[in-house]
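J.: This is the structure, below, for whatever I ask next.
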Amino acid sequence: MSANLERCIERITSRNPELNAFLTFDAERARAESSRAAAGALAALPVAVKDNIVVAGMPTTCGSKILGAFHSPFDATAVSRLRAAGAFVVGKTNLDEFAMGSSTENSAFGVTRNPWDPTRVAGGSSGGSAAAVAAGMAPVALGSETGGSVRQPAAFCGVLGLKPTWGRISRSGLVAFASSLDQIGVFSLTAAECQAVFSVIAGHDSADSTSSDRPVEAQPVDATRLRFAVVREALEGLTGDVRENFETSIAFLRDSGASVAEVSIPSVKLAIAVYYIVANAEASANLARFDGVRYGARAEASTLRDLYNASRGEGFGAEVKRRIMLGTFALSSGYYEAYYGRAQKVRALMRRQFGEAFSRFDVLLTPTTPTPPFRVGEKSDDPLAMYLSDIYTAPANLVGVPAIAVPSGLTPEGLPLSLQMIAPHFGENALFAAAEAFERSPGWQLVAERRATLA
Amino acid sequence: MTTITPDEVRRIAALANLRLAESEVPRLTAELAKIVAYVEQLNDAEVDEPGREGEATSLALFEDAPGPSLPVDGVAANAPEFRDGFFVVPPVLTGES
């Protein structure tokens, strides 16, 4: 296992200057952590942790200037559970500021570049974690999901990314963005490793009153008996490499003996509109705590209100301010019912339609992203174009169901493509089984072979 | 159809305790207007759901008994200004109270 760590250290040292996946990494510290690591289910496993998940004694920046040199005095529950199982934190990874973004271009510490093509983004907001796993810097990583922030960068970086059921993994120690949507997620190269990490960190936590007390039970599922269905609306207007690869993936599943039908969930077309009201409204409340008083950067001010206004004005980046303002607007008097109230009703409609789909099918299928990884700077001038990157991923966050992104092929230019599988609430076992079955597909194998050769 | 005006942007910024430079206002006005126009498609959706989505189905309670909390020195180490167990801040108001 120590040979494993030395290989990770070599990869981080040689590639991080270009890729900027890690914000905090120290080789000596990693070796010390590794030698302290206990025996257990994940003995001596190096884990990269997204920098909005607190690790005691390490910096947590959330990709922002506003937290200054903040060092958490406690571990996130997911981190303490990993440590108790013998794993250790190898470093903290880059992200869009406060997890707001789909490209990691909104980080105050520079973009994370895609290991497959450094002129392109690694995706976001968990771009650093995705790039780290793709580039061989760590075998697994933690990220966070609010609208797709694990699945989308997993797709862009040719790795596996899981968003669990809302409430399945404790949010204690995950810096809050949108509390009804947030979940910690897992990046890995195989379904088995994802499941191994998931089963250690998932489960009820008294420190998170929204965590489910339903037991975490790994149960084998026969993937050949799963009833799959393609979400019809995901195909509307879809063309090019993403469409072709999606159809190839479906053909593989059918050829393996699986039944793949089609189902309509019309409300998914409204998911981005619902998401950008609900998530931003909740964010405007959750980010109120960054006020220059108890931690982080403090601006010069002669009154308390000036302290808040100046610290926040100076400390937050443009995207964060934009979203706080959208959220404040949606919750403000005179607009609350028309925007937030309306969005919650459409969200309830989405939940009902997903429930109807899951009464007939076990796993729903869509591409993970509408495009292959785009170039750095390509979408950063148009916030709305960037938001539409989440079009396939946001529905699962809004409805609370688990979903997994799996590598499914490459474009002719050699860029990763990805298939998304969605299961009902607490249906992670079906996702692990379906993902493992999909590992045999030519598309997955091609990505795995090529990824091993990434310089 | 809600129109987002520069004055509206200044009002929202004040509510959100965000100091904006005047030079930021035109860009933000245009960006917010475009996004708000996009989300207005929700008005076309036919919904009669009660809309109590996201409500907790049960309230988790715990014993009201003292237990460990964050170590004060860990908290103080991150504070911009901390004295005698208090966070030090400027006065709420200037001049006479």
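The values are calculated or read from the model by the stated rules, or taken from the named source; none is laboratory data. This one's a predicted model, so the numbers in the text were calculated from it and none came from an experiment. Neighbour counts are summed over all protein chains in view; Cβ atoms, including those assigned to glycine, are modelled from backbone coordinates with ideal geometry.
J.: Before we move on, is A:I272 within 30 Å of A:E413 (Cα to Cα), touching a residue at least 40 places away in the same chain (Cβ under 8 Å), outside any loop (DSSP other than H, G, I, E, B) and more than 9 Å from chain B (Cβ to nearest Cβ)?
T.: Working: within 30 Å of A:E413 (Cα to Cα): yes; touching a residue at least 40 places away in the same chain (Cβ under 8 Å): yes; outside any loop (DSSP other than H, G, I, E, B): yes; more than 9 Å from chain B (Cβ to nearest Cβ): no.
In short, no.
J.: When both residues are 6+ apart or on different chains and their Cβ atoms are under 7 Å apart, which pairs have a first residue that lies in the range A:29-43 and is in a helix (DSSP H, G or I), and a second that is of a type in the set (S, T, N, Q) and surrounded by fewer than 14 Cβ atoms within 10 Å (Cβ to Cβ)?
T.: Close Cβ pairs satisfying both conditions: A:S34/A:S2.
J.: For the range A:379-398, how many residues meet the condition of being within 22 Å of A:T411 (Cα to Cα) and either buried (at least 24 other Cβ atoms within 10 Å of the Cβ) or modelled with pLDDT of 95 or more (or both)?
T.: First, the residues of the range A:379-398 that are within 22 Å of A:T411 (Cα to Cα): A:379, A:385-386, A:388-393.
With the extra rule that they be either buried (at least 24 other Cβ atoms within 10 Å of the Cβ) or modelled with pLDDT of 95 or more (or both), the set shrinks to A:389-390, A:392-393.
Residues that pass the stated criteria total 4.
J.: Restrict the check to the range B:58-75 and report whether at least one residue is at the interface with chain A (Cβ under 7 Å from one of its Cβ atoms), out of contact with any Asp or Glu (no Cβ under 8 Å at 6 or more places or on another chain), in a helix (DSSP H, G or I) and at pLDDT 95 or above.
T.: So the first thing to find is which residues in the range B:58-75 are at the interface with chain A (Cβ under 7 Å from one of its Cβ atoms), and the list is B:60, B:62, B:70-71, B:74-75.
Keeping just the survivors that are out of contact with any Asp or Glu (no Cβ under 8 Å at 6 or more places or on another chain) gives B:60, B:62, B:70-71, B:74-75.
Filter once more, keeping what is in a helix (DSSP H, G or I): B:74-75.
The next check asks that each one be at pLDDT 95 or above; those that pass are none.
Checked the range B:58-75: no residue is at the interface with chain A (Cβ under 7 Å from one of its Cβ atoms), out of contact with any Asp or Glu (no Cβ under 8 Å at 6 or more places or on another chain), in a helix (DSSP H, G or I) and at pLDDT 95 or above.
J.: For the range B:30-46, name all the residues that are surrounded by 18 or more Cβ atoms within 10 Å (Cβ to Cβ) and within 22 Å of the chain's Cα centre (by Cα).
T.: Within the range B:30-46, B:E31, B:L32, B:I35, B:V36, B:V39 meet the criteria.
J.: Related question: Looking only at the range A:300-352, count every residue that is part of a loop (DSSP other than H, G, I, E, B) and either facing another protein chain (nearest Cβ under 8 Å) or buried (at least 18 other Cβ atoms within 10 Å of the Cβ) (or both) and tell me the total.
T.: Looking only at that region, the number is 7.
J.: (1) of a type outside the set (S, T, N, Q); (2) out of contact with any strand residue (DSSP E or B) (no Cβ under 6 Å at 6 or more places or on another chain); (3) part of a loop (DSSP other than H, G, I, E, B): which one isn't true of A:P373, the others all being true?
T.: Going through the list (1) of a type outside the set (S, T, N, Q); (2) out of contact with any strand residue (DSSP E or B) (no Cβ under 6 Å at 6 or more places or on another chain); (3) part of a loop (DSSP other than H, G, I, E, B), A:P373 breaks only (2).
J.: Pull up the range A:30-78, narrow it to residues that are over 24 Å from A:N309 (Cα atoms) and of a type in the set (K, R), then point me to the one that is nearest to the chain's Cα centre (by Cα).
T.: This residue is A:K50.
J.: If A:E233 passes every condition in (1) surrounded by fewer than 17 Cβ atoms within 10 Å (Cβ to Cβ); (2) acidic (D, E); (3) not in a loop (DSSP other than H, G, I, E, B) but one, which one does it miss?
T.: Failed condition: (1).
J.: Would you please name the residue that is surrounded by the most Cβ atoms within 10 Å (Cβ to Cβ), looking only at residues in the range B:78-92 that are more than 7 Å from chain A (Cβ to nearest Cβ) and closer than 17 Å to A:H71 by Cα?
T.: Going through the qualifying residues, I end up with B:F82.
J.: Restricting attention to the range A:381-408, report how many residues are over 14 Å from A:L160 (Cβ atoms) and touching a residue at least 12 places away in the same chain (Cβ under 8 Å).
T.: Here the count works out to 17.
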